[in-house]
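In what follows, a structure is listed as structure tokens, so that the remarks can point back to it.
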């Protein structure tokens, strides 16, 4: 017999404790209640005479003791969720893959999570031969071993976090492979893998999208974008609450029809910025992890920007509508080294490096910034470091760049590249002064009319103001820039998160939703981990065929219920017969 | 305890007499036939005239027929001593109403019947010895003193009928009707006491006061039984088997008492306290030929 909820040793300990407690209570000398009788005259005659003792009178005490021990023993065994070892076991080597997507946290009608049902099923499947257990997120978590206790302990160490890919080559191993899943996340499962389901339809309301963006037309104001979905057959009323730090900016009841998705845009004052948390109150659904979502509001941007240009109407207009900055346009001849704030050099550059932060837009060759080769014509925005504030969120697929200069970028950090590898955006920090270089002319091609244009300019300004970049990711392993020195969880459950470094790659395992802050030499990087997605939160639908549904979860839950029922029956019988003195 | 009989019940009691299987010598003229020959109305016998006899009692018709002087004898009607022995031991506190309350009511009713017919009635309470007693009283006017006496009784002490009766017999020599009202749960047995009464030629009558709890104890499980009189304790696991054994012992106790009474021609009435008191007096006692 194996136990699905507790370890065998723990069950044995509890059982021993229960037997000891029951025995102690049974044999405890309880002071008998005093009953006044008129005379013991007749009672003495009865008690002192030799009476015929019935069979029940002889065994009554032993039977009572057996019942007193049996009832707590049965309850302890039931608590352990026992299963018959090998009852559903598979002969021969077995590989079990468990879906570790977040939807496996959904609650089943029997009160267990799908994950719990899956792990119990995995242990039940384990026969006498060696078993290897994998999850889609973690790979091998236990085995190969024939020791179920080892497998059980290994499964206790893992929890659902992200779908991950279906482990490669498992179907090629000897023996049988079984995949236990709820079918919410779709996997490319080899044909020879047997699929078992722990799915049972469950209603769920979720925040399926949440993000923050700056309102360029209002200084210090932001917009929160929230998408709420009700994956249920019945309408539902939930309360949407949005907090910025400890300040509540929104609280409103939202009526959701069946399978309705509601999108809301919520303007708000950023204030001092910080964590933005959206949550659904009163959802009372199968999956709690996606009832809240997080974002991060960077600190407010400051103002003074000097634009050195002959003429750049698109850029001038864009900066003019950004109420957060005060723009002063000057001709190149008017440029003086003195002054405060950020300076933008448009198709012009001073002969020596400026002593204040500067953005250089397609500058001509100057002594401190020369050309390395010929310019690339008709360049495309191919790739960028999405973790860097200066180029975050730029969709360059529709950008048409007429010409990208090939600058000598020694000491610079290229952030975006063309298809031919020509740097398009680079940054440099030298002597405490930061520079950003855009190697193409913003006035040529379709750049001024492309959606990427205001994003690029906004990102460059944000980088200079030291805003922490934000990434919104799903729970699971997150790839971070290699220069991240420390990663901390932000908020009430603050704490340091371990980093795994694999060559140039740094990976953090962020399984719990929340906001995490990474420390980098170039500044902080905020990571918002949100569980809710349209695909993952819809725990009412499964991609599995009905034939994949397995009865194993019901089978595992049956034995403990029988034990509890038997304990209740025995207890009731004892209570009834004892009170009525039937069996004595 | 409150002793109160309504007028209708008292009127019914006045129609009743305490029956005695024997004729006892009284002290005063009353309604009972005595062994004495005297100035009663009922003719008893003739005897030869002797010097000094009252001429008025000479039967002249007999002289005419027999030519002898015969004197007419009449029965003397005297009072009858009635002794009511009320058990006031601790065991009489049992029952609802308590056996002592019930015994006091029985004693009061019998007392009233006796007083109404000019018998000399005395109440004696006993437990492990004779405890208290009233002087022998005559006439209905004494009933309230009897009531006051009965109302003052409290259950206390052990039971010892033999000691109590022996003490009574040593002090009161006049024979009469002895009514023993008790639950007869006497560890030393009831026979010695009753034998003493028989030896002194009292007309003995037993009123056995019982309660349902005596027969069917309303207890179960592991209990510690405490004897109300002695304070002795016994730990008992009261099972149905044991309860049945007790009930058998209880029935044997009743049978033994009844058999003893039958053997020595002693009147016996069992009066469960749960039964209405008036029914007991008006029906049970009459059926038991104690009252008529």
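Just so you know, all these numbers are worked out from the coordinates, no wet-lab data involved. These figures come from a predicted structure and were not determined experimentally. When we count neighbours, we look across all protein chains shown, and the Cβ atoms used for this are built from the backbone with ideal geometry, even at glycine.
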Q: Output the relative contact order of chain A, whole-number percent, from Cα pairs under 8 angstrom with separation of 6+ residues.
A: 14
Q | Most mobile listed residue (B:51, B:242, B:110) in chain B, GNM with C-alpha springs under 10 Å | A | B:51
Q) What is the antiparallel percent of DSSP beta bridges lying wholly in the protein assembly as shown, to the nearest 5? A) 65
Q. Using alpha-carbon positions, what is the distance between the centroids of the range B:109-180 and the range A:479-512, in Å?
A. 105
Q.
Rounding to the nearest 10 and keeping the result within 0 to 90°, find how far the Cα-based axis of helix A:55-79 lies from the longest principal axis of chain A.
A. 10
Q) Build a GNM of chain B with springs between Cα atoms under 10 Å: which of B:49, B:264, B:15 gets the top mean-square fluctuation? A) B:49
Q.
Need one number: % antiparallel among DSSP beta bridges in chain B, to the nearest 5.
A. 50
Q) Cα convex hull of the range A:470-528: mean projected area in nm², to one decimal? A) 3.6
Q: Kindly work out what percent of the DSSP beta bridges joining two residues of the range A:470-528 are antiparallel, to the nearest 5.
A: 90
Q. Percent relative contact order of the range A:314-437, based on C-alpha pairs within less than 8 angstrom and at least six residues apart?
A. 20
Q. Which ordering of B:159, A:506, A:422 is given by a fewest-first count of other beta-carbon atoms within 10 Å?
A. A:506, A:422, B:159
Q: Compute the length gained on full extension between residue A:395 and residue A:31: take 0.36 nm times their separation in residues and subtract their Cα-Cα distance, giving the result in nm to one decimal.
A: 122.6 nm
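Could you list B:102, A:250 in order of exposure, starting from the residue whose Cβ has the fewest other Cβ atoms within 10 Å?
The order, fewest Cβ neighbours first, is A:250, B:102.
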(Q) I'd like the distance between the alpha-carbon centres of the range A:203-269 and the range B:218-292, rounded to an integer number of Å. (A) 85
**Q.** Value in Å of the Kirkwood radius, where the protein assembly as shown supplies the Cα pairs that are averaged
**A.** 38.8
Q) Pairing the Cα long axis of helix A:114-125 with the longest principal axis of chain A, what angle in degrees results, from 0 to 90 and rounded to the nearest 10? A) 60
(Q) Could you work out how much longer the chain between residue B:74 and residue B:274 gets when fully extended? Use 0.36 nm per residue separation minus the Cα distance between them, nm to one decimal. (A) 67.3 nm
Q. Given the rule -39500 (n - 2.57) for each run of at least 4 DSSP H residues, summed and divided by the residues of chain B, what is its mean residue ellipticity at 222 nm, to the nearest 500 deg cm²/dmol?
A. -9500 deg cm²/dmol
Q: Using only alpha carbon pairs under 8 Å that are at least six residues apart, calculate the relative contact order of chain B and give it in whole percent.
A: 18
Q) What angle, in degrees between 0 and 90 and rounded to the nearest 10, separates the Cα long axis of helix A:8-27 from the longest principal axis of the Cα atoms of chain A? A) 40
Q) If you rank B:92, A:28, B:73 by fewest surrounding Cβ atoms within 10 Å, what's the result? A) A:28, B:73, B:92
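Obtain the radius of gyration and the Kirkwood radius of the range A:216-291 from its C-alpha atoms and give Rg over Rh.
Expressed as Rg/Rh, it is 1.02.
Given a Förster distance of 45 angstrom, what is the FRET efficiency for residue A:479 paired with residue A:201, based on the Cβ-Cβ distance and rounded to 0.05?
It comes out at approximately 0.85.
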